Amino acid sequence: MVVDPINAVVQVAYTKGSIYEYTNVSRRAILTLMLVPTISRGFWVNANLTFCDSKTAKQGTCRRLNALFAESLPITHEPDYVTFKVAN
């Protein structure tokens, strides 16, 4: 998980491999996550990103990122297309 309290953006890599970016996340919630080391990350994601009454769900966006590994976080720029070379 990568958080950006200035821009109110959170990128989350889930255990099954999907990586999502959430915008317009509550800055107060992000600061709580950063300052309380014992907070459950799963509980925080469910309460602040995916819950239907959360600020992100009401006003923000959620998009799936085209990344393969969580080690590539933070993703700052995504190409509009994916290229690959086919062996002859």
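Brief remarks on what is shown
- Protection proxy ranking for 18-27, 32-41, 48-57, using the average of other Cβ atoms within 10 Å per residue and placing the highest first: 18-27, 48-57, 32-41.
- With each label modelled as a point 7 angstrom along the Cα→C-beta vector, the Thr50-Arg27 pair spans 2.7 nm.
- Here's the picture: a label point sits 7 Å out from the Cα of Lys16 along the beta-carbon direction, and within region 51-67 the residues with their amide nitrogen under 18 Å of it are 51, 62-67.
Any read-out appearing in this document is the output of simple, stated calculations on the displayed coordinates, not a laboratory observation. Treat the numbers as computed from the prediction; the structure is a model and nothing was measured. As a convention, Cβ positions derive from the backbone with ideal geometry for all residues, glycine included, and neighbour counts pool all protein chains shown.
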